[in-house]
Each structure stands twice: as C-alpha cells, then as structure tokens.
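Novice: Questions regarding the structure given below will be posed in turn.
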Amino acid sequence: MKNQRSIRRNFTLIELLVVIAIIAILAAILFPVFAQAREKARAIACMSNMRNIGLATMQYIQDYDEVYPLGYMWDGASWGGTMWTVGLGPYLQKYGASNTQFVDGAVGGNSVLVCPSFRPAIDANGQPIPGGQVGIGYSINKTQLNTPWNTGLPAGLQGFGGVSQATLIAPANLVAFAETAVVGANGDANIARAADQAWCDPNNPVQASCGPFTFQPLLWSNKPNQTTGWDFDIPGGFAGQGNGDYQRRRRPDFRHSQRCNVMFADGHAKAVGPNTLTARIGSADDIWHNHN
C-alpha cells in the first residue's frame, strides 16, 4: 500500500482578505481603548502633580502665617525673580531650590509642574523655550488667591501678593490652582463677551455679569504649545476683584476627557467639569469664586 501524501492547500485570496478584515476590525476596536487607557494614565499622573502642589501650598502657608504664595512680582523694569512657582519650589521634592527660569513659565521636562498631556514649547511671551525645558500648564487663581496689583512694596518691587486663608469664606470650595491653557480664536462667540469681563454683584439677582454664562469651554481651541505658568482668568469679578488681564485668555483647560484637575484652597484635589465654570457666580456649582 502506497503512503498517501497529505495535500497542502494554500489560502485563497478571499480567505486572506477575511483575515485582514478581522484584524482591521479588532484594531479599530482596541486602538481607541489603548488611547483612552494612556490618557487615563496621564490624567492620574496629572492628579498626582496637583496633589503635590496642594501639599506644598499647605506647608508654605504654615510657614508664612497662613498667607498664600504671591502671583508674581517684578521691580518695574525686569523680573524680581519670584512668583508662586518659585515660592512653592522648596516644598516640592521634584522641584528643588528657586530658579528665575520658573518666572518665565518654563521648567525641566520631569517637573511636577508639567502635565503629561500638556507640554508646551513656547513661553508666555510667545518665545521658544530653551532646550531641555517645557512650559508649565498649571496656574493660580489670581483674582481670588492674590491681592490687587501693588506698586508700593519695599525695594521698588510691585506685584500680586498672597491673601490670608482667613479671608477665604470656604477654602474647601474654592479652586486655588488649575490646569490651564491659552485659548485661541475659535467658534465660541461668547468667550470674551463684555458681560463676562464685568464685575459681579452676587446680591443682584438680575445682573447679567454674574451668569450663568453662555460660553462653552469644551469648544475652546488652545494656542499651540504656549505655557500658562502664571495665573488664569475666571468670568466676572467678586468682592471688588476684577479681571484686569482677561483678554490674555489664560483659562482652565478641561483636557482630560472633558475634565480639569484642580487643587482647592484647603489642599485637596479633584477633577471637575466645565459646568462649574459656566455656573452663576455664588451658586452651589461655582467653585471658582470666594463665596459661601
């Protein structure tokens, strides 16, 4: 009896196309999942950064009579070499001692002040950041955590000083630091309407400048690669605080699946949605202004 040889059959073209189609379908399903997982990891790393900033702030105010870090300061002609990033520097393990480069909103790429999802390469003046450094994507809530611009400081200095924690009505409900970006031109016609720049009297229930606001933060488009390491602006004013540089368009950025990581004035951190920014000033959903 002769041994029968097994017959080897090659794939047909149709079978090969079916396999390729199955692989393509699986890739289409899995790649977005992988991308979401990577973004979730970046959001968690960013939240860790924000918690470290919160711990550093709490240590800072304990050493400085419960006064928050200043916004920034200069001598009238050039930088005086300090701002909130420098003030918190010694309290952040990854940050080390103060450095005047921090005033320009630039830090080393592994700094705790760098969000993994936002690594700008242009400084706040629109100039390229030197090699080995990236821009800061976190900012202080200047109108609520700092005093108005003061030109009468010692040694010819002027700037935004820090406020005392005792002046805050509800520190656990007031954002002190947030993820931010410089907002560019976009389709949201209400981003900088006059009413959003006006001071708000929350005791006046019909005042338009108190909100709720009609702008849509999720429609904002960010300017490419520009750092925001100073302060951010919020709609309206409160308790005599106006937004003198509202047109600089440094805004809270909801870059992590439409959420923004923030640190509150009592040191805790969490992710918040855009509805908090558009809420009427003084309402239960408003976490950006100093109120009950």
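Novice: Against the condition under 20 Å from the mean Cα position of the chain (by Cα), modelled with pLDDT under 85 and surrounded by fewer than 19 Cβ atoms within 10 Å (Cβ to Cβ), how does Q207 come out, does it pass?
Specialist: Working: under 20 Å from the mean Cα position of the chain (by Cα): no; modelled with pLDDT under 85: yes; surrounded by fewer than 19 Cβ atoms within 10 Å (Cβ to Cβ): yes.
Judged against the criteria, Q207 is not a match.
Novice: Hey, another quick one. Need pairs with beta-carbon distance below 9 Å; first residue touching a residue at least 60 places away in the same chain (Cβ under 8 Å) and more than 16 Å from R255 (Cβ to Cβ) and within segment 271-292, second in a loop (DSSP other than H, G, I, E, B) and among the acidic types (D, E); sequence gap 6+ or separate chains.
Specialist: Close Cβ pairs (under 9 Å, with a partner that is in a loop (DSSP other than H, G, I, E, B) and among the acidic types (D, E)) amount to T278/D285; A279/D285; A279/D286; R280/D286.
Novice: Could you grab me the full set of residues in segment 239-255 that are modelled with pLDDT under 80 and either of a type in the set (S, T, Y) or assigned to a strand (DSSP E or B) (or both)? Reasoning before the result, please.
Specialist: Taking segment 239-255 first, the residues modelled with pLDDT under 80 are 239-249.
Answer for segment 239-255, where residues must be modelled with pLDDT under 80 and either of a type in the set (S, T, Y) or assigned to a strand (DSSP E or B) (or both): Q241, Y246.
Novice: How do the pairs read when you match residues in segment 134-154 that are under 26 Å from R119 (Cα atoms) with residues anywhere that are of a type in the set (D, E), using Cβ under 7 Å and keeping only pairs 6 or more apart or on different chains?
Specialist: Going by the 7 Å Cβ cut-off, the qualifying pairs are G135/D123; G137/E179; Y138/E179; S139/D231; I140/D231; K142/D231.
Novice: Still on this structure: Going residue by residue through segment 230-238, is there one that turns out to be assigned to a loop (DSSP other than H, G, I, E, B), closer than 24 Å to G105 by Cα, out of contact with any helix residue (DSSP H, G or I) (no Cβ under 7 Å at 6 or more places or on another chain) and modelled with pLDDT of 75 or more? Even if it seems obvious, please write down each step before you answer.
Specialist: Looking only at segment 230-238, we keep the residues that are assigned to a loop (DSSP other than H, G, I, E, B), and these are 230, 232-237.
Then drop every residue that is not closer than 24 Å to G105 by Cα, which leaves 230, 232-235.
Within this subset, residues satisfying the condition of being out of contact with any helix residue (DSSP H, G or I) (no Cβ under 7 Å at 6 or more places or on another chain) are 230, 232.
If we keep only those that are modelled with pLDDT of 75 or more too, we end up with 230, 232.
Checked against the condition, which is being assigned to a loop (DSSP other than H, G, I, E, B), closer than 24 Å to G105 by Cα, out of contact with any helix residue (DSSP H, G or I) (no Cβ under 7 Å at 6 or more places or on another chain) and modelled with pLDDT of 75 or more, segment 230-238 yields at least one hit.
Novice: Looking only at segment 169-185, how many residues end up being at pLDDT below 90 and in a loop (DSSP other than H, G, I, E, B)?
Specialist: Summing the residues that are at pLDDT below 90 and in a loop (DSSP other than H, G, I, E, B) in segment 169-185 gives 2.
Novice: If I ask for residues that are surrounded by fewer than 12 Cβ atoms within 10 Å (Cβ to Cβ) and in a loop (DSSP other than H, G, I, E, B), which ones from segment 152-168 would you list?
Specialist: Keep residues of segment 152-168 that are surrounded by fewer than 12 Cβ atoms within 10 Å (Cβ to Cβ), which gives 152, 154-155, 166.
Across segment 152-168, the qualifying residue is only G152.
Novice: Of the residues F118, F102, which is modelled with pLDDT of 80 or more, under 20 Å from the mean Cα position of the chain (by Cα) and either buried (at least 23 other Cβ atoms within 10 Å of the Cβ) or among the hydrophobic types (A, V, I, L, M, F, W, C) (or both)? I'd like the intermediate steps shown before the answer.
Specialist: On the way: F102 fails: modelled with pLDDT of 80 or more.
Of F118, F102, the one residue that is modelled with pLDDT of 80 or more, under 20 Å from the mean Cα position of the chain (by Cα) and either buried (at least 23 other Cβ atoms within 10 Å of the Cβ) or among the hydrophobic types (A, V, I, L, M, F, W, C) (or both) is F118.
Novice: Hey, another quick one. Taking segment 127-151 as the region of interest, how many residues are at pLDDT below 90, part of a strand (DSSP E or B) and out of contact with any helix residue (DSSP H, G or I) (no Cβ under 8 Å at 6 or more places or on another chain)?
Specialist: Final tally of qualifying residues: 5.
Novice: For E15, all conditions in the list (1) within 15 Å of A176 (Cα to Cα); (2) modelled with pLDDT under 85 hold save one; what is the number of the exception?
Specialist: (1)
The values are calculated or read from the model by the stated rules, or taken from the named source; none is laboratory data. For clarity, every value in this text was computed on a predicted model and none was experimentally measured. Positions of Cβ are backbone-derived with ideal geometry, glycine not excepted, and every protein chain shown enters the neighbour counts.
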